[in-house]
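S.K.: Have a look at this one before I ask anything.
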Amino acid sequence: MSLMLDRRALVKGGAFGLGALMLPGGAAALAQLAAARGFTHAVASGEPGQDSVLLWTRYIPSGGDSARVSVEVSETADFARSVAGATMVTGAFRDWTVKLTVSGLQPGRSYFYRFTANGEVSPVGRTRTLPEGRVREWRMAVFSCANLPFGYFNAYAHAAARNDLHLAVHLGDYFYEYKRGVYPSAKEAIEARVLEPANELIQLADYRTRYACYRADPDLQALHAALPMIASPDDHEAANDTWEGGAENHDASEGDWTLRKIAARQAWREWMPVSDEPWGAYEIGDLGTYFRTETRQLGRSQAPSLEAVLRSGGDPLKALAAFRDGDWQDPARTMMGTEQEHWLAQGLSRSVRARKKWQVVGVGAVMGRVVAPAIAANWIPPGAPAYVAERLKAAVLAAKAGLPGNFDDWGGYPAARARLLRNAQAAGADLVMLAGDSHNGWAFELSESGKRAGVEFGGHSVTSPGYESYFPGTPPADVARALVETNAELKWADTSGRGYLTVTLTPDAATGEWLFVDTIAGRSPTVNRTHRMRSRSGRKMLETI
């Protein structure tokens, strides 16, 4: 969540102050990927239901233009008795990926699965169906923002090794579209973590190759093999700061935006264990409903521009005040589009009427209100590029008018935010928002029209750098403290660590636990600290535990 500096600033000048995919770079790595045969990228599962689950693999035969691939499901690792199975044909037309949905399973139960083709057998994966009826406890791991050359995916490795998780949720930025040497720069990148392809992703083949590169990572493979995943894209699965009609990281020299977006979405559907439905609801017994949303590529309006407001001329504070009272609150600007807004409002009401305890909504970006602290002007490090200082000063100036410094999250869409929260209030929902994108950890008490509306757990990144890269001379604890003191909805923040979030639901409470890995500079899945907060049923308030 770039509250004072946007992502473009980091990309333009590198992660200011920042000083095991073991593949050789360039043509050799591409040749190695292209030459792979058999089950090239292990297995994955997703889209769990009470009696079904989607199973994924990739298989390239040694000859022929298609392959027939089957999957079998068993309650035991020895596959002594198969309880479900299915078969499909794959080929180059879908990049040799396989997605099969099997049904007839039992609710709330773990299963083993494996694929076979031409006498070859895939690695074994483990998945789990959603529970039905009374549920006492249910726990998911929440991830976002995994930038491979910035570091190792130790968060994935740690979660994969646990035996108390029921589901993985990925809230986007599963990968980044930049060319090699951009975010991170060549100097900042870990040498062994080599991106393929080397160029920026534009064409379908580019996106496919980047997925192949990421999915070769052993820790990401371990996570997919250990847990079913519910995944939604954010912007970097296509291009930075994506909206319905374009993206910050796209210009006319790169061709038609619609064609690029179509290519990105096709590769996403091929390589991820996801359904073709852009959004969906998942029932967790009587505990709650999880709502998977799409807040980037399909219905999102273009975000307003703080820079454009300040360039309008005249007194900047008057210009900001006029914008705050006018265009900023435009009800036509939406994150989801009206169709999805209606679907979510109806879904919240249905969940409450069914007497589900919790309504959990996963979104791409943070919803909690955040403005820049006045003291942030002192955080500009000596020698910082001019655009860093200008962007931060603009955010501090915006805060004087009551405006956020980041319009790319829900801060740029206040009317859409108000509609979602009012719908939750009208439904009587016990709302828990989950957010990614920001790279840092956050906990908010959300309000609307002077009334409590729910809580939000904002997850930190797997590897992408956070506020510590913006303000290397300021202790992260000081940054977090100033943000909390300045923003009434914000109850806790961590602006320095990488890792993942878990969310545990019980009839009495929804608990968020932020786990921070010891390092991303080497492969070491060790957690060195945690932070836990909970919201008791019906209270819509947070407490540290």
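The values are calculated or read from the model by the stated rules, or taken from the named source; none is laboratory data. Worth saying up front: this structure is predicted, and the values here are computed from it rather than measured. Ideal geometry is used to build each Cβ from the backbone, glycine not excepted, and the neighbour counts take in all protein chains shown. When the accessible area is computed, the model is the full protein with side chains, heavy atoms only, and any ligands, DNA or RNA have been set aside. Shrake-Rupley method; radii C 1.70, N 1.55, O 1.52, S 1.80 Å.
S.K.: Filtering the range 364-388 down to residues that are in a loop (DSSP other than H, G, I, E, B) and modelled with pLDDT under 90, which residue is surrounded by the fewest Cβ atoms within 10 Å (Cβ to Cβ)?
M.R.: P382
S.K.: Would you mind stating whether P233 is within 30 Å of G337 (Cβ to Cβ) and either assigned to a loop (DSSP other than H, G, I, E, B) or open to solvent by less than 10 Å² (accessible area, probe 1.4 Å) (or both)?
M.R.: Answer is yes for this residue.
S.K.: The conditions are (1) crowded, with 18+ Cβ neighbours inside 10 Å; (2) within 27 Å of S461 (Cα to Cα); (3) basic (K, R), and R333 fails exactly one of them. Which is it?
M.R.: Of everything listed in (1) crowded, with 18+ Cβ neighbours inside 10 Å; (2) within 27 Å of S461 (Cα to Cα); (3) basic (K, R), R333 misses just condition (2).
S.K.: State which residue is modelled with the lowest pLDDT when the search covers only the range 64-84 and only residues that are open to solvent by 50 Å² or more (accessible area, probe 1.4 Å) and small (G, A, S).
M.R.: Within the range 64-84, the match that is modelled with the lowest pLDDT is G64.
S.K.: Still on this structure, I have one more. For T530, work out the one condition from (1) in contact with a helix residue (DSSP H, G or I) (Cβ under 9 Å, 6 or more places away or on another chain); (2) under 19 Å from S438 (Cα atoms); (3) β-branched (V, I, T); (4) open to solvent by 60 Å² or more (accessible area, probe 1.4 Å) it doesn't fulfil.
M.R.: Every listed condition holds for T530 apart from (1).
S.K.: Would you mind finding the one in R419, R391, R452 that is open to solvent by 10 Å² or more (accessible area, probe 1.4 Å) and touching a Lys or Arg at 6+ places or on another chain (Cβ under 6 Å)?
M.R.: Every option except R452 fails the conditions.
S.K.: Please state which of the following conditions E445 fails to meet, knowing it meets all the rest: (1) surrounded by 24 or more Cβ atoms within 10 Å (Cβ to Cβ); (2) of a type in the set (D, E); (3) outside any loop (DSSP other than H, G, I, E, B).
M.R.: Against the list (1) surrounded by 24 or more Cβ atoms within 10 Å (Cβ to Cβ); (2) of a type in the set (D, E); (3) outside any loop (DSSP other than H, G, I, E, B), E445 comes up short only on (1).
S.K.: Okay, next question. May I ask you to verify whether A435 is at negative phi, surrounded by fewer than 24 Cβ atoms within 10 Å (Cβ to Cβ) and in contact with a helix residue (DSSP H, G or I) (Cβ under 9 Å, 6 or more places away or on another chain)?
M.R.: No; evaluated as a whole, the condition is false for this residue.
S.K.: Hey, another quick one. Across the range 448-473, what is the number of residues that are out of contact with any Ser or Thr (no Cβ under 8 Å at 6 or more places or on another chain), assigned to a loop (DSSP other than H, G, I, E, B) and either among the basic types (K, R) or at pLDDT 95 or above (or both)?
M.R.: The number of residues fulfilling the criteria is 5.
S.K.: So, one more: Could you run through the range 279-305 and say how many residues are under 30 Å from F39 (Cα atoms) and open to solvent by 40 Å² or more (accessible area, probe 1.4 Å)?
M.R.: 1
S.K.: I would also like to ask the following. Residue check, E339 against (1) farther than 17 Å from E244 by Cβ; (2) at pLDDT 95 or above; (3) surrounded by fewer than 20 Cβ atoms within 10 Å (Cβ to Cβ); (4) not small (G, A, S), all met but one. Which one?
M.R.: (1) is the only condition that E339 fails.
S.K.: OK, next. Tally up the residues in the range 420-434 that are within 11 Å of L344 (Cβ to Cβ) and assigned to a loop (DSSP other than H, G, I, E, B), please.
M.R.: Residues flagged as within 11 Å of L344 (Cβ to Cβ) and assigned to a loop (DSSP other than H, G, I, E, B) within the range 420-434 amount to 1.
S.K.: If you check A308 against the conditions, is it crowded, with 19+ Cβ neighbours inside 10 Å and either assigned to a helix (DSSP H, G or I) or aromatic (F, W, Y) (or both)?
M.R.: No: the conditions fail for A308.
S.K.: Just wondering, is there one or more residues in the range 533-544 that are in a loop (DSSP other than H, G, I, E, B) and under 30 Å from P149 (Cα atoms)?
M.R.: no
S.K.: For A238, state whether it is more than 17 Å from the chain's Cα centre (by Cα), small (G, A, S) and either under 18 Å from G172 (Cα atoms) or open to solvent by 40 Å² or more (accessible area, probe 1.4 Å) (or both).
M.R.: no
S.K.: If you go through the range 482-503 one residue at a time, how many are closer than 18 Å to A161 by Cβ and either assigned to a strand (DSSP E or B) or over 20 Å from the mean Cα position of the chain (by Cα) (or both)?
M.R.: Of the residues in that region, 4 qualify.
S.K.: Residue by residue through the range 232-258, note down the ones that are aliphatic (A, V, I, L, M) and touching a helix residue (DSSP H, G or I) at 6+ places or on another chain (Cβ under 9 Å).
M.R.: Selection gives A238, A239, A247.
S.K.: In the range 90-103, is there at least one residue being over 31 Å from the mean Cα position of the chain (by Cα), open to solvent by 70 Å² or more (accessible area, probe 1.4 Å) and farther than 18 Å from V53 by Cα?
M.R.: No; the residues of the range 90-103 include none that is over 31 Å from the mean Cα position of the chain (by Cα), open to solvent by 70 Å² or more (accessible area, probe 1.4 Å) and farther than 18 Å from V53 by Cα.
S.K.: Restricting attention to the range 424-448, which residues are in contact with a Lys or Arg (Cβ under 7 Å, 6 or more places away or on another chain) and farther than 30 Å from N154 by Cβ?
M.R.: The answer is Q425, D430, E445, E448.
S.K.: Checking the structure you have, find out if any residue of the range 132-143 is in contact with an Asp or Glu (Cβ under 6 Å, 6 or more places away or on another chain), basic (K, R) and surrounded by fewer than 14 Cβ atoms within 10 Å (Cβ to Cβ).
M.R.: Yes, some residue in the range 132-143 is in contact with an Asp or Glu (Cβ under 6 Å, 6 or more places away or on another chain), basic (K, R) and surrounded by fewer than 14 Cβ atoms within 10 Å (Cβ to Cβ).
S.K.: In this structure, is R355 part of a loop (DSSP other than H, G, I, E, B), surrounded by fewer than 18 Cβ atoms within 10 Å (Cβ to Cβ), at pLDDT 95 or above and of a type outside the set (F, W, Y)?
M.R.: Considered against the rule, which asks whether it is part of a loop (DSSP other than H, G, I, E, B), surrounded by fewer than 18 Cβ atoms within 10 Å (Cβ to Cβ), at pLDDT 95 or above and of a type outside the set (F, W, Y), R355 comes out as yes.
S.K.: Now for a different question. Checking the conditions here, which among R109, R126, R114 is out of contact with any helix residue (DSSP H, G or I) (no Cβ under 7 Å at 6 or more places or on another chain), modelled with pLDDT of 95 or more and over 24 Å from S62 (Cα atoms)?
M.R.: Step by step, each of R109, R126, R114 is checked, and only R109 is out of contact with any helix residue (DSSP H, G or I) (no Cβ under 7 Å at 6 or more places or on another chain), modelled with pLDDT of 95 or more and over 24 Å from S62 (Cα atoms).
S.K.: Just name the residue that is farthest from S305 (Cα to Cα) out of those in the range 243-261 that are surrounded by 13 or more Cβ atoms within 10 Å (Cβ to Cβ) and among the aliphatic types (A, V, I, L, M).
M.R.: L259
S.K.: Right, here's the next one. So, in the range 42-54, of the ones that are farther than 14 Å from A226 by Cβ and of a type outside the set (G, A, S), which residue ends up least open to solvent (accessible area, probe 1.4 Å)?
M.R.: In this case the residue turns out to be L54.
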